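Down below is the structure, laid out as structure tokens.
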């Protein structure tokens, strides 16, 4: 039952990451679209390149195309960097302030100890395992490094399972917990243990 709740907590937190990724994807799409709709800037750059190229229209067109491609590529890479940063800040801020993320709060878990240093380290490992390595693989793919991207994708899968599978063991401590020296505790079990058993009066002993 506790393992199921841990999986549910991760799903809730990862759903927030997916929502952030969707928002950043929309923002990146609008930024890239703005490159082609910003006619004055594009016309100014094209005109300057044409004037300095001594009439070489082919090289000028190639220069403008590379400019647009590099700009668009930069926007995509910035989106992935912002996604990893947002994931880290969400994990770190939630654990440092409340000792739990939204997913853990809804499923009855808390991370202890919740000191700033330990939670930052745990958030960093969690971000690397859940988002950062995959983001790096995507950046390499759009950069045209297909083979390296596949290798990083494989590494991302390995890192994800290295962080996740220990949760199924008896200690229930992920790689992030082991690195940061933290533990995920069930608040429900703690509350149950804190409630004393009901008092049952003993029948009086018969007089001798």
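Structural remarks
- On the stretch given as region 167-187, residues that are assigned to a helix (DSSP H, G or I) and buried (at least 17 other Cβ atoms within 10 Å of the Cβ) total 5.
Residues checked against (1) at pLDDT 95 or above; (2) outside any helix (DSSP H, G or I); (3) in contact with a strand residue (DSSP E or B) (Cβ under 9 Å, 6 or more places away or on another chain); (4) surrounded by fewer than 17 Cβ atoms within 10 Å (Cβ to Cβ):
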residue	(1), (2), (3), (4)
159	yes, no, no, no
164	no, no, no, no
189	no, no, no, yes
196	no, yes, no, yes
206	no, yes, no, yes
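- The criterion of at least 3 residues that are surrounded by 12 or more Cβ atoms within 10 Å (Cβ to Cβ) and modelled with pLDDT under 85 is met, among helices (runs of 4 or more DSSP H) falling completely within region 9-122, by 39-52, 57-98.
- Taking the conditions (1) modelled with pLDDT under 85; (2) in a helix (DSSP H, G or I); (3) under 22 Å from residue 14 (Cβ atoms) in turn, residue 153 satisfies each one other than (1).
The values are calculated or read from the model by the stated rules, or taken from the named source; none is laboratory data. Small disclaimer: the values here were computed from a predicted structure and weren't measured. Ideal geometry is used to build each Cβ from the backbone, glycine not excepted, and the neighbour counts take in all protein chains shown.
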